[in-house]
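Input: a single structure, listed below in structure tokens.
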Amino acid sequence: MNRRVVYTRGGLPADVLTVIEEPESVAPERGQVLIHTTAFSVHPGDLQAIEAYPGMAADPVPAGLEATGVVEAIGGGARLAPGVKVGGRVTVFPQPGAWSQWIVADAEAVVAVPDELSDDVAAQMLANPLTTVMLRREAQEHLAFGYDGLLVQTAAGSSVGRLVTGVCQFHNLALVNVVRSDRGAAELRKRFPDVPVVSTGHQGWADEVRKAAGGRPVSVAFDPIGGKLAESLLDLLTLGGKLVSYGQIAEESISVPASTVLNKSLTLRGKNIGRWLSEASAERRASDVATAKQIALGLKGQFDVAAMYSLGELAKAVEHAVRPGKVGLVLVRP
């Protein structure tokens, strides 16, 4: 039997997600790959999509987009990425229904896992590193960044935030990290002692960012939170600066006077992995996936696992995935 996670309506994931059983898939069709899943990651973005699902679905909607496992069979005519073979370890992304014991995936979504990476890292090898690649490109496209300007990012202790920090260090890009607590700041300083960290738990934290910048202009800001925090970042940005919003954790809207945007000639960009999937060419995707694998290899120590659950503990897993203060992603072994 194959056990997989589905839902039929939007709402709190712990309430609407269910595990169903069906006959095991044994024969991938043309252009497909059959994968026996060993672990999948519970991304907060996955859960946001489930909460926002409109109305009721006529048929169960498969959950999840990323997982890792072992190739069991390959259908005819499949165009395989290098290293993908029967018996080989792979990660699949984006593949709707990745939260399943068995996955019949489109061959183009299947990527070989380097031998140096554990299953824990392989289960989160693509989505977050690809987000990091996307964000770095946004920063590099800003002319001032990389010369006199620097980057500020919020949620710097998150899985994506740590990868952004590691990539910035590798490329010698100036960065100030922002977290929400002194505890989070202390943890991040242990990982990256050479990168300034500021906690929003302090009044006047924006002035601390300016001090940490040492007179350099804040050219670019990354923010997955939104709301009041994003508004503060807009105030921090220099003339011609860019705010890249890649999440919507805060419930309130971003409110900014038109005069702020006009007088400072600011740019506000919204980017997420869904946009990358819809906009990137096949060549760009292949290049970015290769870079994502290099990020996973170079920064494998930053792919923390907050907890590991079984498929029977799914409700606990999705609750833990959004728990304040967790470090790393929650994984499920189906």
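Can you give me the number of residues within the range 118-157 that are assigned to a loop (DSSP other than H, G, I, E, B) and at pLDDT 95 or above?
9
Are any residues in the range 175-186 open to solvent by less than 40 Å² (accessible area, probe 1.4 Å) and out of contact with any helix residue (DSSP H, G or I) (no Cβ under 8 Å at 6 or more places or on another chain), and if so, which ones?
Gly184, Ala185
Residue by residue through the range 291-319, note down the ones that are under 13 Å from Ser41 (Cα atoms), free of Cβ contacts under 8 Å to residues at least 60 places away in the same chain and either within 17 Å of the chain's Cα centre (by Cα) or buried (at least 17 other Cβ atoms within 10 Å of the Cβ) (or both).
Of everything in the range 291-319, those that are under 13 Å from Ser41 (Cα atoms), free of Cβ contacts under 8 Å to residues at least 60 places away in the same chain and either within 17 Å of the chain's Cα centre (by Cα) or buried (at least 17 other Cβ atoms within 10 Å of the Cβ) (or both) turn out to be Ala306, Ala307, Tyr309.
Taking the criterion of being of a type in the set (Lys, Arg), free of Cβ contacts under 8 Å to residues at least 40 places away in the same chain and either open to solvent by 20 Å² or more (accessible area, probe 1.4 Å) or more than 24 Å from Val121 (Cβ to Cβ) (or both), would at least one residue in the range 187-194 satisfy it?
Yes: one or more hits.
Show the residue pairs that are 6+ apart or on different chains and have beta-carbon atoms under 7 Å apart, the first residue being within the range 98-112 and more than 14 Å from Phe40 (Cβ to Cβ), the second being among the hydroxyl-bearing types (Ser, Thr, Tyr) and crowded, with 20+ Cβ neighbours inside 10 Å.
Val111/Thr91
Please find, within the range 146-167, the residue that is nearest to Asp194 (Cα to Cα) out of those that are open to solvent by 10 Å² or more (accessible area, probe 1.4 Å) and among the hydrophobic types (A, V, I, L, M, F, W, C).
Step by step, filter the range 146-167, then rank; the result is Val167.
Select from the range 239-257 the residues that are in contact with a Gly (Cβ under 8 Å, 6 or more places away or on another chain) and either part of a helix (DSSP H, G or I) or open to solvent by 40 Å² or more (accessible area, probe 1.4 Å) (or both) and list them in ascending order.
Gln248, Ile249, Glu251, Glu252, Ser253, Ile254
A quick yes/no check of all residues on (1) farther than 22 Å from Val289 by Cβ; (2) touching a Gly at 6+ places or on another chain (Cβ under 6 Å); (3) assigned to a strand (DSSP E or B):
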position: Arg3; (1), (2), (3): yes, no, yes
position: Ala57; (1), (2), (3): yes, no, yes
position: Gly69; (1), (2), (3): no, no, yes
position: Ala78; (1), (2), (3): no, yes, no
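Right, Thr260: in contact with an Asp or Glu (Cβ under 9 Å, 6 or more places away or on another chain), of a type outside the set (A, V, I, L, M, F, W, C) and assigned to a helix (DSSP H, G or I) or not?
Yes: the conditions hold for Thr260.
Please state which one of Gly270, Gly298 is touching a strand residue (DSSP E or B) at 6+ places or on another chain (Cβ under 6 Å) and within 19 Å of Leu135 (Cα to Cα).
The unique qualifying residue is Gly270.
Which residue is farthest from the chain's Cα centre (by Cα), if the candidates are limited to the range 6-26 and must be in a helix (DSSP H, G or I) and either surrounded by fewer than 17 Cβ atoms within 10 Å (Cβ to Cβ) or of a type in the set (Phe, Trp, Tyr) (or both)?
Checked the range 6-26; the qualifying residue farthest from the chain's Cα centre (by Cα) is Asp15.
The values are calculated or read from the model by the stated rules, or taken from the named source; none is laboratory data. No experiment lies behind these values; they were computed from the predicted model shown. Neighbour counts run over all protein chains shown; Cβ positions are idealised from the backbone, glycine included. We work out accessible area using only protein heavy atoms, side chains counted, and drop any ligands, DNA or RNA first. Shrake-Rupley method; radii C 1.70, N 1.55, O 1.52, S 1.80 Å.
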